Ligand SMILES: [Zn+2]
């Protein structure tokens, strides 16, 4: 529909420079420039390298997205940007670009939450989110179980990892197995040829007295590393495929079990899974199986929309516009630890202004 | 000509508008940790003071550093984005050159040096024959390591003021002002001089360390 909001979204919270354009819940463009290859030899994302790459890629990626969508900046109804959480220096590049872009085009600016964006992206794939939506977000940076009655202003954390993120565990085990970085795709591939029941690795925080919705992958990681080292010490060959399969099974078993349990406990009949680890084929298969058994409808976007991208930020921005949420102001900060309970960062207008640095923004350049 | 200049390579967040003859409006705030928050409101204030809108701007000038990276990028990405939307050229200038030019406006003739704070007990610095002429490329060094070669010279900027043992003849201004950057850019453009590409002068390789828990987003 032509009257749905046309929004450009910018994402720079980690190592992907993403710019997406959506009209309502329709994806028009999803341009991504990644610096992942540059980080590979360090075994993880190096913040300063990511920030430098964002600066180089920012404007070209915006221009590419506009071209891909066949629209111009003037056509837009709003600009949204990841305000946090994420790497501070990386976020700042995207936030600064978004502000300049919104100001130059005289369009409203929406600073939005990265995690809420990961959930909202599913609207581009499966249509409007059910309310409430239960979401399991799993990536190299996050592992959270979230209940979202309204993705634009009410997102509640039910549980999260108490140590490593799920994707981090994949990276660490890949490193122990000398499989390179990032670890997720290669472990997924090798696991397909291995036996997930070969080795009984521990399921973290799964006891009856453990927190129902929190996760822990640190113990699992240590246990897998010890098992591998013991094999090596004994001069035996490490059955890489079986280790990968058994490790992966331990991760996705806990993730899906807790997510399905949360749905049942909260009486929610949909489960959304997002984040880079949602691209894992075993996670998708096991979640499908368990959701079916529990009568829950599973919604997982295609892998390209699960990893960090600009489309997800645009999707949430479009929802902010559609629901008339207040825009952010030009002082919007990049907030590396923006809480998930804040899906967006509205400006000070209409709220008590607590800052000590009140600026007079000229009326002429103020967007309405 | 209407030139908008920004610089975020020093603790100053500074914006100026130049009409080819003079600086018509200027803003400077010193807050090393809030470049991102302060820059756009400052642009807005400067334009409002001059009574023009952004789309009247015909040229952009931006300080490319050297300077601490996080803040430096704010000015560069802002200028690049404006340039893309407005389809106007974005001219890069060495931030130290703008400080040298400002020192000249304040009466310093040269030769002298300029030094800004590079943190980690180092300074970004360069030598100048006169306020318009830099001799050599900007560098980053420990003050004690360059004290000898700059002995007897006035040294302009916060990098000099911070290390009086190394730079006994420290002079102001401490931070760059976009008015000076804009005036220098206008002068160079009028003379048909080459400008720098709007790309950062980092002078250091990135710290290639993956921090533990590099993305802490656990909701609590
Ligand atoms: Zn993410």
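Values in this text are rule-based calculations from the coordinates and carry no lab data. This one's a predicted model, so the numbers in the text were calculated from it and none came from an experiment. Methodologically, a virtual Cβ is constructed for each residue, glycine included, from the backbone with ideal geometry; neighbour enumeration extends over all protein chains shown.
Students often check this: by mean Cβ neighbours within 10 Å, which of A:266-276, B:162-172 ranks highest, and how do the rest follow?
Ranked by mean Cβ neighbours within 10 Å, highest first: A:266-276, B:162-172.
Note the angle between two axes, namely the Cα long axis of helix A:240-266 and the longest principal axis of the Cα atoms of chain A, as a number of degrees from 0 to 90, rounded to the nearest 10.
60
Rounded to the nearest 500, what is chain A's calculated 222 nm mean residue ellipticity when only DSSP H runs of at least 4 contribute -39500 (n - 2.57) each, over all residues?
Mean residue ellipticity at 222 nm (helix-derived): -13000 deg cm²/dmol.
Provide a whole-number value for the mean count of partner chain Cβ atoms within 10 Å of the Cβ atoms in peptide A:56-63.
Per residue, the average neighbour count from other chains is 3.
Inside 10 Å of the C-beta atoms of B:84-96, what's the mean count of C-beta atoms belonging to other chains?
Neighbouring Cβ atoms belonging to other protein chains average 2 per residue here.
Taking the Cα atoms only, what angle lies between the long axis of helix A:88-105 and the longest principal axis of chain A, rounded to 10 degrees?
30
Taking the highest mean first, how do the peptides A:132-145, A:185-198 order by number of other beta carbon atoms within 10 angstrom per residue?
So the peptides A:132-145, A:185-198, ranked by packing, come out A:132-145, A:185-198.
Cα axis of helix A:310-322 to longest principal axis of chain A: angle in degrees, 0 to 90, nearest 10?
For helix A:310-322, the angle is close to 50 degrees.
If R₀ is 60 angstrom, what is the calculated FRET efficiency for the pair residue A:232 and residue B:109, using the beta carbon separation as r and rounding to 0.05?
0.30
Using a 10 angstrom cutoff on alpha carbons, build the Gaussian network for chain A and name the most mobile of A:17, A:82, A:161.
A:161
Taking Cα pairs under 8 Å and at least six residues apart, what relative contact order does the range B:62-220 come out at, in percent?
After rounding, I find 27 percent.
Within the P(r) computed for chain A, what percentage of the Cα pairs occupies the region above 25 Å?
It works out to 54 percent of all Cα pairs.
Taking each residue in A:189-200, count the Cβ atoms of any other chain within 10 Å of its Cβ, then average. What number comes out?
0
With a 10 Å cut-off between alpha carbons and a GNM built on chain B, which of B:13, B:30, B:176 moves the most?
B:30
May I ask you to derive the relative contact order of chain A, considering only C-alpha pairs under 8 Å and at least 6 residues apart, and to give it as an integer percent?
Relative contact order of chain A: 25 percent.
Pick from A:167, A:78, A:180: which is most flexible by mean-square fluctuation in a GNM of chain A where alpha carbon atoms under 10 Å apart are linked?
Looking only at A:167, A:78, A:180, the biggest GNM fluctuation is shown by A:180.
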